[in-house]
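The values are calculated or read from the model by the stated rules, or taken from the named source; none is laboratory data. What you see is a predicted model; the values in this text were computed from it and never measured. All Cβ positions, glycine included, derive from the backbone under ideal geometry; neighbour counts span all protein chains shown.
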Amino acid sequence: MLTKKIVLDKSVLEIIESMEWNYNGTLGKITCGQLDRDVYEKVNLALEQLGGKWNRKQGGHVFAMDPRPRVKGLVESGVLTVERDGFFETPFPIVQWMLERVTPVGRLLEPQAGLGAIVEHLPRKNLVSVDPKLG
C-alpha cells in the first residue's frame, strides 16, 4: 500500500467545507463562485483524491460513495491521507513509446497486466497475461 499525505492550505479547506451536497453525498458543488485557476486546481486535486470527478452536466463533483465523513476529518486536520494499492494504469503515450522501441518476438509474458493498457496493443499469438484486476 502506498501512502501519501497532502497538506491543504486554509483557503482550499474553506472552499471544501462550504460545499453543498445532495441528500446522499454523491454530488458536491462548490458554492463560493468562480475560483481562480490555481485555487481550483488545488480544490479539484483534493476532491479527486477523495474519489470525486468533475461533471460539467451536473455542475459539481460526483462521488461513488459519500465522502463527507472524510471531508470533515480533512477540514479538521488540514491533511488528506491518500492510500493507493500501487496500481497505476500505463498511459497510452508510454505504451506507444515502448512499442516504437521494442518489437515483440516469440512468447510474451505480461505478469502484471492490470487493466490491459499494454496487452491490448500486443499480438495475441503466444501471449500470456496475468493480473487479478482483469478478472
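Out of the residues in the range 67-104 meeting the condition of being among the aliphatic types (A, V, I, L, M) and closer than 22 Å to residue 3 by Cα, tell me which one is modelled with the lowest pLDDT. Top of the filtered list is 82.
Check whether at least one residue in the range 114-121 is in contact with a strand residue (DSSP E or B) (Cβ under 6 Å, 6 or more places away or on another chain), at pLDDT below 90 and of a type in the set (Gly, Ala, Ser), and report yes or no. No, the range 114-121 has no match at all. Looking across the range 28-61 at every residue that is of a type in the set (Gly, Ala, Ser) and closer than 20 Å to residue 5 by Cβ, the one that is surrounded by the fewest Cβ atoms within 10 Å (Cβ to Cβ) is identified as 51.
Here's the yes/no breakdown for (1) assigned to a strand (DSSP E or B); (2) more than 20 Å from residue 10 (Cβ to Cβ):
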| site | (1), (2) |
| --- | --- |
| 39 | no, no |
| 43 | no, no |
| 54 | yes, yes |
| 65 | no, yes |
| 69 | no, yes |
| 72 | no, no |
| 75 | no, no |
| 81 | yes, no |
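Within the range 57-78, residues that are among the polar types (S, T, N, Q) reach partners that are in a strand (DSSP E or B) and surrounded by 15 or more Cβ atoms within 10 Å (Cβ to Cβ) with beta carbons closer than 8 Å, at six or more positions or on different chains, in the pairs 58/27.
State all residues of the range 53-92 that are among the basic types (Lys, Arg) and closer than 30 Å to residue 120 by Cβ; if no residue qualifies, say none. Across the range 53-92, the qualifying residues are 53, 56, 57, 84. Taking the conditions (1) over 30 Å from residue 3 (Cβ atoms); (2) surrounded by 10 or more Cβ atoms within 10 Å (Cβ to Cβ) in turn, residue 107 satisfies each one other than (2). Selection of the range 94-126 for residues being outside any loop (DSSP other than H, G, I, E, B) and touching a helix residue (DSSP H, G or I) at 6+ places or on another chain (Cβ under 7 Å) yields 95, 99, 110, 121. Remark: residue 109 matches the filter, which requires a residue to be outside the structural domain of residue 11 (by TED's automatic domain parsing) and of a type in the set (A, V, I, L, M).
Against the numbered list (1) closer than 25 Å to residue 44 by Cβ; (2) loosely packed, with under 12 Cβ neighbours inside 10 Å; (3) outside the structural domain of residue 27 (by TED's automatic domain parsing), residue 97 comes up short only at (1).
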